[in-house]
Each structure stands twice: as structure tokens, then as C-alpha cells.
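Taking it in order: structure first as C-alpha cells, then the write-up.
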Amino acid sequence: MSFAAAFFYLFAFVLVASAVMVISSRNPVHSVLFLILAFVNAAGLFILLGAEFLAMILVVVYVGAVAVLFLFVVMMLDVDFVELRQGFLQYLPIGILVGAIFLAELVLVVGAWATGPGVTAAVANAAATPPAAEIGSVQAIGRVLYTDYIYAFQAAGFVLLVAMIGAIVLTLRHKAGVKRQNIPAQVARTPETAMEVVKVRPGQGL
């Protein structure tokens, strides 16, 4: 077994194990940490495939921003996970039904998988004589995203925007007794409303 194959199986095993631990951990902080581990191993797989740019983006964006943001949100928000799990049994039959449908679809896809007679030979020839790279990986990804999959790319951005706005709306809570900044009131202030002259008698304080 070559070193590339050994590293592939190592990264793949740790990635799958981390993904399982993300959904099975009881502590949400542990789930986020396992998610970071899964991202790092996925970046290792991208490096083995020769996609260094995707590996860097995965580490910088997802590990450095998204996963850390999830971690801080989970740690800062006082979420009662015990209360959230109370209705778990109520939706368990629906979850089992959806999971069974997905499993049946995967079985049908894998069972109907077929390789054309000339595909294996074409892949072997391409691996034996790789074509000269005319453009870099970054330019190739940009061409694919903004030409062939431009509508899907824009739709994904719109979904993320809606999710961000929804998260802000759900977490924005106005508590009574908490002073908040009122920009129109500050702009409309005059010297008469901003200052108050108090007459203090000698020997007495405020």
C-alpha cells in the first residue's frame, strides 16, 4: 500500500468517525469540536486530490470562522437542551420514516450503479498521461461556479442569507429594563434636553 492510499484511508476513517460523533454527542460543545476535526480531515482529503485551494478554504472559512462561531454561540447562549429533547419521541416515527426513505434511495442508487465499458480504460489512460494544466485550480473553480452552476451558486447564497436573517430574528430579544441605543432620539437632542441645571444648596449634595 502506498503512502497516498494509507493517508486516504486514515483521513477517511477519522472523517467518518468524527461525523458520527457530531450527531451522537450529547454535549453540543463536543459536537462542534468533532465538526472541526471532520473539516480538518476533509481538507486532508482535498490535498491528496490536488485541490489545495479547496483545502485552504475549508480550513480558513469553515474551521476558522463557521465552526468557531458555532462554538461561541453554543457556549454563550443559554439553551436548555433538556427541554429541546422533550419532544424527541413525538417526532421519532417521522424521523424513522424519512431515514428509511433515504436509506432505500441510497440502496437503489448503489444497486443500479454501472460502469461503462470504456470508462475504466479512459481513466487509466488519463492517469498514465495526464494533460498539461492550462489554467490553475482557482480559475477552473471560478469558471465552473460562475458559468455552469451560477444559478445553484446564487441560490445557495440566498439560502444562507435567509438563514442568517432568521437566526438574527430568533435570537434578538428585547428584555425589559435594558437600556438600548436610540439613534433618532440622540440626533434630535438639544442643549435644553441634554443638560439639566440643578441648584444645590450650600452644604448639601446631590
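The values are calculated or read from the model by the stated rules, or taken from the named source; none is laboratory data. Just so we're clear, the structure is a prediction, and the values are computed from it rather than from any experiment. Because the Cβ atoms are built from the backbone with ideal geometry, glycine has one as well, and the counts that use them run over all protein chains shown. Heads up: the accessible areas ignore ligands, DNA and RNA and are worked out on the full protein's heavy atoms, side chains in. Shrake-Rupley method; radii C 1.70, N 1.55, O 1.52, S 1.80 Å.
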Which percent of the accessible heavy-atom area of region 1-63 goes to carbon and sulfur, probe 1.4 angstrom?
-> 81
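With +1 on each Lys and Arg Cβ and -1 on each Asp and Glu Cβ, how big is the dipole of region 148-206 about its Cα centre, in debye rounded to the nearest 20?
On the way: 7 positive and 3 negative charges, 104 e Å.
The dipole magnitude comes to about 500 debye.
Which of the peptides 181-193, 56-68 is most tightly packed, and how do the rest follow, going by the mean number of other Cβ atoms within 10 Å of each residue? Present the calculation step by step, with values, prior to reporting the outcome.
Working: 181-193: 7.8, 56-68: 15.1.
Taking the mean over residues of other Cβ atoms within 10 Å, the ranking is 56-68, 181-193.
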How big is the accessible area of SER137 in square angstrom, nearest 10, if you roll a 1.4 angstrom probe over the protein chains?
-> 60
